[in-house]
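The values are calculated or read from the model by the stated rules, or taken from the named source; none is laboratory data. No experiment lies behind these values; they were computed from the predicted model shown. Heads up, the Cβs are rebuilt from the backbone with ideal geometry, glycines too, and the neighbour counts pull from every protein chain shown. Note: accessible area is taken over every heavy atom of the protein model, side chains too, but ligands, DNA and RNA are not part of it. Shrake-Rupley method; radii C 1.70, N 1.55, O 1.52, S 1.80 Å.
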Amino acid sequence: MTSLAHSQSVNLDDPVATVPFKEEKVGDFAASGILGSVKVEGAFSGSLLTVDEAFTTKYENNPPSAPFKVIVPKDKGLRFLPGGKKSGAPELIRITLPDAEEKKAVEILRFGPLRLKQGAAEERVKAAVNLLKKAAFPMFTNGFENARELEVYLTKVGSYDAAVMHIEMSAPAGGPDYLVKAIAILHPTKDGGAMGFLMADKNLSEVKSVEDLSSKGVGMQIIHSLKFVEE
């Protein structure tokens, strides 16, 4: 995979088929983090991780298009890999949920910057759908086999507009089968946002079907805990 940084380079005159709205449900939880106690829809008790310019500077990475924070659990043994020159990873942050033996990845969640110009909400979500279909899909599936788009829809992450694409694909040479969520979360007032990319191993994760990508998994909970730092 190359980079998760996307810019608005789509043709808005290219028609996009009617895309439905679908609510994603991951539950409501009270969370006590390093910045105090908060209640976040679709999250869980844990610590706040802030991805801003100070974070990316520390790891010699480009700053996010829109700084954000997410809540991450303390009891899942999650592994964190900040992107940048120090690690060689292109994303802003990679969060991996290991199996019980800490040998295989149950879920891998990546966050990267999203750049979409401000404008009418309808045009922005249309651009986000175009971006997922034309740019994100070939990039995310590069090097994998039997890649197939399963569904595309609009949703909300908290109060933020978001576009979602679900994919299935397989690692080469008989590797794991993955269910994948690509999600573009739009900042309400800035030319930016966040791109999330979640890979769930169908054999190891509780995510077993395309329907599960809308409600289950640690990665889904982290995604729905996202809050932009500046609104």
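Overview of values
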quantity: Looking only at region 73-89, and only at residues there that are open to solvent by less than 20 Å² (accessible area, probe 1.4 Å) and of a type in the set (Gly, Ala, Ser), the one that is farthest from the chain's Cα centre (by Cα); calculated: Gly84
quantity: From Gly119, Gly88, residue being free of Cβ contacts under 8 Å to residues at least 24 places away in the same chain and over 28 Å from Gly174 (Cα atoms); calculated: Gly119
quantity: Some residue of region 21-31 being open to solvent by less than 30 Å² (accessible area, probe 1.4 Å), at pLDDT 80 or above, more than 16 Å from Leu114 (Cα to Cα) and under 18 Å from the mean Cα position of the chain (by Cα); calculated: yes
quantity: Unmet requirement for Ala127, which otherwise passes all of (1) open to solvent by less than 20 Å² (accessible area, probe 1.4 Å); (2) outside any helix (DSSP H, G or I); (3) over 17 Å from Ile95 (Cβ atoms); calculated: (2)
quantity: Filter result (surrounded by fewer than 15 Cβ atoms within 10 Å (Cβ to Cβ) and either free of Cβ contacts under 8 Å to residues at least 24 places away in the same chain or in contact with an Asp or Glu (Cβ under 7 Å, 6 or more places away or on another chain) (or both)) within region 130-148; calculated: Pro138, Arg148
quantity: Selected residue (criterion: farthest from Val125 (Cα to Cα)) from residues of region 199-220 that are touching a strand residue (DSSP E or B) at 6+ places or on another chain (Cβ under 6 Å) and part of a helix (DSSP H, G or I); calculated: Val218
quantity: Region 193-231 - residue that is more than 14 Å from the chain's Cα centre (by Cα) and under 24 Å from Gly119 (Cα atoms) and, of those, least open to solvent (accessible area, probe 1.4 Å); calculated: Val229
quantity: Single match in Arg115, Arg124 (criterion: of a type in the set (Lys, Arg) and touching a Ser or Thr at 6+ places or on another chain (Cβ under 9 Å)); calculated: Arg115
quantity: Qualifying residue in region 149-163 (condition: assigned to a strand (DSSP E or B), within 26 Å of Phe80 (Cβ to Cβ) and either without any contact (Cβ under 8 Å) to a residue 60 or more places away in the chain or open to solvent by 10 Å² or more (accessible area, probe 1.4 Å) (or both)); calculated: yes
quantity: Some residue of region 168-175 being part of a strand (DSSP E or B) and either within 15 Å of the chain's Cα centre (by Cα) or among the acidic types (Asp, Glu) (or both); calculated: yes
quantity: All positions within region 187-212 that are closer than 19 Å to Glu149 by Cβ and in contact (Cβ under 8 Å) with a residue 60 or more places away in the chain; calculated: Met195, Gly196, Phe197, Leu198, Met199, Ala200, Val207, Val210
quantity: Qualifying residue in region 184-198 (condition: touching a helix residue (DSSP H, G or I) at 6+ places or on another chain (Cβ under 9 Å), small (Gly, Ala, Ser) and part of a loop (DSSP other than H, G, I, E, B)); calculated: no
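Each row is one residue, and each column tells you yes or no for (1) surrounded by 13 or more Cβ atoms within 10 Å (Cβ to Cβ); (2) of a type in the set (D, E, K, R); (3) at pLDDT 95 or above; (4) assigned to a loop (DSSP other than H, G, I, E, B).
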{"residue": "Ile71", "(1), (2), (3), (4)": "yes, no, no, no"}
{"residue": "Glu91", "(1), (2), (3), (4)": "yes, yes, yes, yes"}
{"residue": "Thr96", "(1), (2), (3), (4)": "yes, no, yes, no"}
{"residue": "Ile108", "(1), (2), (3), (4)": "yes, no, yes, no"}
{"residue": "Phe111", "(1), (2), (3), (4)": "yes, no, yes, no"}
